[in-house]
Structures are given as C-alpha cells and as structure tokens.
Amino acid sequence: MSDLDLTALHEFARREGGLSRRTFLAYSTTLAALPWLAERSEGAVMRRATFAGNPFRLGVASGDPTSTGVVLWTRLATEPLIPGGGLPPEAIEVQWEIADDEAMTKVVRRGTALATPQLGHSVHVEADGLKPDRWYWYRFRAGDVESPTARTRTMPAPAAQPDRLRFAFASCQHYETGLFTAYEHMVKDDLDLILHLGDYIYEDEGKPDKVRIHLGKECESLDDYRLRYAQYKSDPLLQAAHARCPWLVTWDDHEVDNNYAGSASAIKGVDSLALLARRANAYQAYYETMPLRRPSIPRGPRMRLYRKASFGRLAELLILDTRQFRSDQANGDKPADLNDEALDPKRTMLGQRQAGWLQSSLLTSTATWNVLAQQVMMALVKRKREAGMLYSMDQWAGYAAERIKLVKFLAERRVPNPIVLTGDIHSNWVNDLRVDDRMPETPVVATEFVGTSISSGGNGTSASKGLEQLRSENPGVRYHDAQRGYVRCTVTPGIWRTDLVEVEDISRPGAPAVERASFIVEAGKPGAQAT
Ligand SMILES: [Fe+2]
C-alpha cells in the first residue's frame, strides 16, 4: 500500500472492521499524514555528519540470519529520549563493516547505508556473501564516530546436519516492574541465537512506585512509540544481549495495545480505524527498532512478520504472528468454557494466508525439529476462576477449532518432532499437546514450552496456588511456576533439552540466576521428560 493508495486502505479497513465511509473519512486524514516509509531519502543527505554527542546510544544489533547473510541494525540518536533523537531531519550516511575477527582486521564486507528521518534514523543492512555457520563481528561509523563492535553469526548451510543449536527465548520485559538481569545471565550462555516472543515494550503510561518508570504517556503516536523503544533500548543489559548474537523477534499485544486482536481494540467503543492508525504507528516503530529484513517493512497498518529461519537440517524455526490477523476474542475476552463460540471454526488466530504458509512450510521442512515460535499458550488449559475452571479466550483456547486442526495436521502429516515455544503469560509451563488436550487417553503429538517473563509482573512465586488441581484438571501440564527469567534450549539430532533459568530478584542489580528445572524431548518420542 503506498501513501496515496487510500482506496486500498479503505478496502482493507472495511474488510478488517466493517467500517462506515463516514468513520473511514474521519481517520483517513490521520493515516494519510503518517510519515510513510521512505527507503530512499528524498531530502538532503549528510555524508560526513558531525554530532554533538554519541549517535550510537541505542546500541547495535543483528538478526534474521541465513546461511549466507544477516541483518545489521542500528538507530542513530544522540538524545534518544527526545523526539527526533537529537538529530537534524536529514538523511545521514552510515558506513558498516563485517569482519572475521573481533579486532576488525579481516573485513570481509563493507558498505554504506542511509539512516533516514522517515524511519527514525534506523539502519537495516542486509549483509550477504558470508560463509555458512560462522561467527562474525560488525560495527558502524557515522561521521567520525564508531559504534561498539558486536558479534553475530550465519546459519549452517541448508543441507548441513549440525551437531548442536543452542538458543534462548524471552518475552515480556516490562521496564517498570523489574530489571533486565535475565539478559546479564543469557550473554554468558554461549548462544547461537536469541528469540524474543513478544512484549518487547509495554505501551502504558508511567506509574510511580515501581522499580523504574516509563517516560511519557500511553503510546499512541509514532513519536510515543519511538520514545518508548528508545527508553527500553537504552538498557545496557538489553543492548549487550543484542550485541552477543543474532535475534529472531516477533511481537505480542503490548507492542501496540493490551489484548488487541487484528483491528479490534480490547477497549469497548474504540473504532477499528482508530486502532489501525495506532497500529500503523506501533508497527513502524517496531520495524525501526528491530533487525528485520525488507519484507517486514510495514505498509501502513500491515506488516509481514511471520517468516522462517533454518538451522541447517537440525531445526526449522517458524516464527508466527498471532496478533495481526486474529479474530476478535470469543466470549468478550472473558474466561469461558470451550463453548460454541470458542469452538467456532470461522474464528482464526493466524489468518488464512499465514495458516496456509505454516502448513506448506511444515510439509516442505526437512528438519529434525520443527519449532513454532509464537506468543500465546497453545495447550488447552483450564484454570481456576471465580466462575469455576475456565479457559483464557486470548489464548489458543479461544480459537479452539483452528488449534485442534493445527495439532491434528502435525499428527496426521507426521511433522517430525514439533516443538511449540510461547511467551505472554509471565510464567513457565511445560505442556504435552494432544489433538484435543481434553482427551488424555489420546497420543501426545508435540510439546510446548511456555517461557516466563524477563520482568513483567515483578518478582514471582515458585508455584501458583492450586497447582495440584491445575494438574489434575489438565493432564497435559507437566510443569508450571511463576518466577522471572528466560528459557535456554540445547538442540541436538537426538535430544531437545530445555532449561528454565530463573533470576532470584529482579528489583536489585546483579542478582544470581538458577536453573529451576530441565526437561528433555527425545527425537521420535513425543512428550517431555523431566531430568
Ligand atoms: Fe506480557
């Protein structure tokens, strides 16, 4: 969709939200005025910029590696916490180089890129022509200033059979409720990759009496979201984790607004086009902040984030987007039984295109382990609520027909060794998945590891109340706790190992981490085993 293609936007909005023409016109001006993305600069270019301060205060990052390339990212800002980042509204030329060694003496690729004001002076370089399965180091230069040097890597060649993949996954890093100490431990783990499964930021306004405080009001405008990302990105522990290895990222709800669904706000009375206008701002700021490839450049309120990454033939990582295309939550997003509305086959979590892409990706995968990296809990888990044992309608349970169909597909098509990775609910869960989790007599098809939050919710508890009842009502649940931390996975051709790593106290710097529990899955033998 181009900036002037309002007819397409209108059609899109009508399809998404069934909007009236009057409502559409009311918002079309706002949408048309958004700083639509310029991949090339239309104004002046500062080739030898001079800066009043360090323009690399938001750090550097890399992501979306292939066997021959990787995205190198930075976003220039001398004053990250003010609109405009302290830079002139002009494009700035940035040099980049990637080398075989940390001292940057053996440079293998270099080039220039433009940091344009239209994209918040972010830089996304798709470095290519690299060797498979290798570590590299990279840095940027703007004017006379050099960025820190950071480490990244390529994936093994598509036909390679690697011995081991070691990665961590994280989610839910509310800046106010705790420190990002988990990343301080993660960087010591000798990881090939880090996956972020969403809630990289939280959109809400600052509240007093927390560990830290959000700057500014609740995010709605592009500047609001840019400022919020800049505040999060200023965290040195988060920057260090980005500098350590490539990341694969996807979003959940708080990158836009709590529990939004497609073009539907969770707040009653908010019009679909108002949500789409906000979504366009949020998606643009997300793209600007993340090491993503060109297919992920947003077009207004649309952005392609679902994609795959192959670690040779050891693991296929299918990265899903369960927010942008989903139907509005069933039963008013209140906990409910798996009633007719939750089981309505017309309801979708992935949207038709993504679901089709997922199926064909699974069928063509030649990997030993097939990993769905996504946001919301796939196990159908009922939990104690005031009105009895009920299911969350924001999770796959609220899209139960599609959920059952997906796991049935995994079973019937004999997709090898499916593993589901999940974030969202600020707690650790190990769940064995069946086609219908309400039928424990049927075979286990896949295992889901739900990773706890980096900081959301503040310091947690070792087990939620009523754990025994939870497990007796949900036979697929193998483990649960509600501490803070991250999840580390070591994948070999024969064994998948998951370690739940927990930080003892996220309200004080430097707290130690412990390995709370570990589970393995044997290739060819579905189901988690405690170690
Ligand atoms: Fe969250």
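The values are calculated or read from the model by the stated rules, or taken from the named source; none is laboratory data. All of these numbers come straight from a predicted model, not from anything done at the bench. Here the Cβ positions follow ideal geometry from the backbone for every residue, glycine too, while neighbour counts run over all protein chains shown. With ligands, DNA and RNA removed, areas are computed over all heavy atoms of the protein, side chains included. Shrake-Rupley method; radii C 1.70, N 1.55, O 1.52, S 1.80 Å.
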In segment 490-531, which residues have a backbone nitrogen under 14 Å from the label point lying 7 Å from ASP190's Cα in the Cα-to-Cβ direction? 490-491
Result for segment 150-228: accessible area per residue, probe 1.4 angstrom, in square angstrom, of 34
Using DSSP to define loop residues, name the trypsin sites (Lys or Arg not before Pro) in segment 378-431 whose beta-carbon has at most 12 other beta-carbon atoms within 10 Å. ARG413, ARG414
Could you please state how large a percent of the accessible area of segment 33-185 is carbon and sulfur, counting protein chains only and using a 1.4 Å probe? 47
So how far apart, in nm, are the two label points at ALA463 and GLU522 if each is 7 Å from Cα heading toward Cβ? 2.7
Any aspartates and glutamates whose Cα falls less than 12 Å from that of LYS210, other than same-chain ones fewer than 8 residues away, would be GLU176
Accessible area per residue, 1.4 Å probe, Å², for segment 274-338: what's the number? 26
Looking at the chain, which longest stretch skips every one of the GluC sites (Glu not before Pro) that is in a DSSP loop with at most 16 other Cβ atoms within 10 Å, leaving the sites themselves out? 221-340
Within segment 296-376, what whole-number % of the accessible surface is contributed by carbon and sulfur, with the 1.4 Å probe and all protein chains included in the calculation? 47
Near ALA115, within a Cβ-to-Cβ distance under 11 Å, what is the net charge of the other residues, with Lys and Arg +1 and Asp and Glu -1? -2
Which trypsin sites (Lys or Arg not before Pro) in segment 462-531 sit in a loop by DSSP (not H, G, I, E or B) and have at most 14 other Cβ atoms within 10 Å of their own Cβ? LYS465
Starting from the Cα of ARG385, step 7 Å along the direction of its Cβ; do the same at GLU220; then give the gap between the two resulting points in nm. 2.9
For segment 473-488, Karplus-derived ³J(HN,Hα) couplings (6.51, -1.76, 1.60; θ = phi - 60°; whole Hz; x for glycine and proline) come out as 7, 10, x, x, 6, 9, 7, 7, 8, 10, 7, 9, x, 8, 10, 10
Compute the relative contact order of segment 404-513 as a whole-number percentage, counting only Cα pairs closer than 8 Å that sit 6 or more residues apart in sequence. 24
Can you compute the FRET efficiency between ARG508 and LEU81 using 1/(1 + (r/R0)^6), with r the Cβ-Cβ distance and R0 = 25 Å? Round to the nearest 0.05. 0.55
In nm, the gap between the two label points placed 7 Å beyond Cα toward Cβ at GLU90 and ARG48 is 1.3
